[in-house]
Amino acid sequence: MKVTIIGGGGRVGVNAAFALQCGGIVAEMQLLDANTELAGGEALDLLHGASSLADQRIYAGDYQRARDTDIFVITAGLRRKPDESRLDLINRNVALFQQILDDIRAAGHKEGARFFIVSNPVDILTEMATEALAVPARQVFGLGTMLDTARFRSLIAQELNLAPTQVKALILGEHGDSMLPVWSSATVGGFPLTGLPQLNPSLQKKLFERTKSSGAEVIRRKGGAGWAVGATIAEVVHAVVLDSRRLLPVSSHQAGKAYGIRDISLSVPTVVGREGVHEHVEIDLWPKEKQALAASARALKETLAKVR
């Protein structure tokens, strides 16, 4: 399959490309960026490592060369300016995103192309892309709380001295302030995490708050997320390429099939495979988790109404 990373010259795009190169599953990668020289340099640097990692075609290109793309990964975005409000940043990123969608439509794309949104605010942009692109809703999905979930699991494992790959715990809802932790189904090695005596309510709160603030912490310490987000992007892309039908917390348009939520994109348990979103799965949650998920949907709808 061919993947085109829009924003491929930026930190997130390049880290995603490297993770996909290390995975060795994608056959072809195109980096597309407004800074064509930078995208060309990053593509060349990745290409230089091809003999050590994977037999792939890697190059910089443009929207015309992207017409035969199987999966568009949109990572392009703007950073917040000093003293800029969150809504102002959202409006600037919405304008940039709409231009990207216009460019994709103008150049054309193949009928079965999937559109994977990583740019923030990811839930708002995923909903807008679902409305704007003349493709089935299953072909449009966002990174959602994939990165938050990865951070959550890793921080739990670090705190409790457990193997990170054995910790299974989800963050659902908005990729933002109204996200919620799902302790009701959290496990380690198949056993309930909440059965561990040291994981008391106070520690649960501490771990979730650290997860919520992790993005800001990474920005403060190194300027922005890269490696972890690249790994989670690759996880979703590989689920599509391999048609593995993995249950993932990606963001996608809701039509009332899970938890009664509709008319907004956010993260619920979602089966991801070759066509993109195969189905939404309503796994039983604690009452307080259901309430938090409904509140997250309401908060996103309020934000969406302000940018339309």
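Restricting ALA186, ALA228 to residues that are buried (at least 16 other Cβ atoms within 10 Å of the Cβ) and closer than 13 Å to ALA150 by Cβ narrows the list to ALA228.
Against the test of being hydrophobic (A, V, I, L, M, F, W, C) and free of Cβ contacts under 8 Å to residues at least 24 places away in the same chain, the options LEU53, LEU38, LEU32, LEU47 yield a single qualifying residue, LEU47. Every test in (1) over 19 Å from HIS175 (Cα atoms); (2) free of Cβ contacts under 8 Å to residues at least 60 places away in the same chain is passed by ASN120 save one, and that test is (1). Between ALA292, ALA305, the distinction of being small (Gly, Ala, Ser) and either in a strand (DSSP E or B) or closer than 28 Å to ALA95 by Cβ (or both) belongs to ALA305 only.
Residues in segment 153-173 that are in a strand (DSSP E or B), at negative phi and in contact (Cβ under 8 Å) with a residue 40 or more places away in the chain: how many?
Residues of segment 153-173 in a strand (DSSP E or B): 167-173.
With at negative phi added as a condition, the list becomes 167-172.
Okay, now just the ones that are also in contact (Cβ under 8 Å) with a residue 40 or more places away in the chain, so 170-172.
Residues that pass the stated criteria total 3.
Among the residues that make up segment 50-71, is at least one of them within 28 Å of ALA297 (Cβ to Cβ) and modelled with pLDDT of 95 or more?
Here is the first cut: in segment 50-71, the residues within 28 Å of ALA297 (Cβ to Cβ) are 71.
Now drop any that are not modelled with pLDDT of 95 or more, which leaves 71.
The answer is yes; a qualifying residue exists.
In this entry, GLU111 is excluded by the filter for residues that are within 21 Å of the chain's Cα centre (by Cα), of a type in the set (D, E, K, R), closer than 19 Å to VAL3 by Cβ and surrounded by fewer than 21 Cβ atoms within 10 Å (Cβ to Cβ).
Please indicate, with yes or no, whether at least one residue in segment 78-100 is among the β-branched types (Val, Ile, Thr), in contact with a strand residue (DSSP E or B) (Cβ under 7 Å, 6 or more places away or on another chain), touching a residue at least 40 places away in the same chain (Cβ under 8 Å) and not assigned by TED's automatic domain parsing to the domain that holds SER265. Spell out the reasoning first.
At the first step, the residues of segment 78-100 found to be among the β-branched types (Val, Ile, Thr) are 90, 94, 100.
Filter again for in contact with a strand residue (DSSP E or B) (Cβ under 7 Å, 6 or more places away or on another chain), leaving 100.
Within this subset, residues satisfying the condition of being touching a residue at least 40 places away in the same chain (Cβ under 8 Å) are 100.
Filter once more, keeping what is not assigned by TED's automatic domain parsing to the domain that holds SER265: 100.
Yes: segment 78-100 contains one or more residues that are among the β-branched types (Val, Ile, Thr), in contact with a strand residue (DSSP E or B) (Cβ under 7 Å, 6 or more places away or on another chain), touching a residue at least 40 places away in the same chain (Cβ under 8 Å) and not assigned by TED's automatic domain parsing to the domain that holds SER265.
VAL277 passes every criterion in (1) of a type in the set (A, V, I, L, M, F, W, C); (2) under 25 Å from ALA157 (Cβ atoms); (3) surrounded by 18 or more Cβ atoms within 10 Å (Cβ to Cβ); (4) under 17 Å from the mean Cα position of the chain (by Cα) apart from (2). Taken over segment 139-174, residues that are crowded, with 18+ Cβ neighbours inside 10 Å and either β-branched (Val, Ile, Thr) or closer than 21 Å to HIS278 by Cα (or both) amount to 17.
Checking GLN254, GLN198 one by one, the residue that is in contact (Cβ under 8 Å) with a residue 40 or more places away in the chain, of a type in the set (S, T, N, Q), over 27 Å from PHE18 (Cα atoms) and not assigned by TED's automatic domain parsing to the domain that holds ALA19 is GLN254 and no other.
Within segment 122-129, at least one residue is more than 20 Å from VAL229 (Cβ to Cβ) and either in contact with a strand residue (DSSP E or B) (Cβ under 8 Å, 6 or more places away or on another chain) or not hydroxyl-bearing (Ser, Thr, Tyr) (or both). The numbered conditions (1) over 30 Å from GLN21 (Cα atoms); (2) assigned to a loop (DSSP other than H, G, I, E, B); (3) in contact (Cβ under 8 Å) with a residue 40 or more places away in the chain are all true for GLY260 except (3).
Name every residue in segment 266-289 that is assigned to a strand (DSSP E or B), more than 19 Å from ILE71 (Cα to Cα) and in contact (Cβ under 8 Å) with a residue 60 or more places away in the chain, in order of residue number. Steps first, please.
At the first step, the residues of segment 266-289 found to be assigned to a strand (DSSP E or B) are 266-267, 270-273, 276-280.
After this cut, where a residue has to be more than 19 Å from ILE71 (Cα to Cα) as well, the list is 266-267, 280.
LEU266, SER267, listed by residue number.
Whether a residue is of a type in the set (Asp, Glu), surrounded by 16 or more Cβ atoms within 10 Å (Cβ to Cβ) and closer than 22 Å to ILE117 by Cα was assessed, and ASP62 does not pass this test.
One line per residue, one yes/no per condition, for (1) under 29 Å from VAL218 (Cβ atoms); (2) assigned to a helix (DSSP H, G or I); (3) more than 20 Å from the chain's Cα centre (by Cα):
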| site | (1), (2), (3) |
| --- | --- |
| ALA19 | yes, yes, no |
| ASP55 | no, no, yes |
| GLN64 | no, no, yes |
| ASP88 | yes, yes, yes |
| GLN98 | yes, yes, no |
| ILE124 | yes, yes, no |
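The values are calculated or read from the model by the stated rules, or taken from the named source; none is laboratory data. On a predicted model such as this, the values are computed, not experimentally measured, just so you know. Reconstructed Cβ throughout: ideal geometry from the backbone, glycine too, with neighbour counts over all protein chains shown.
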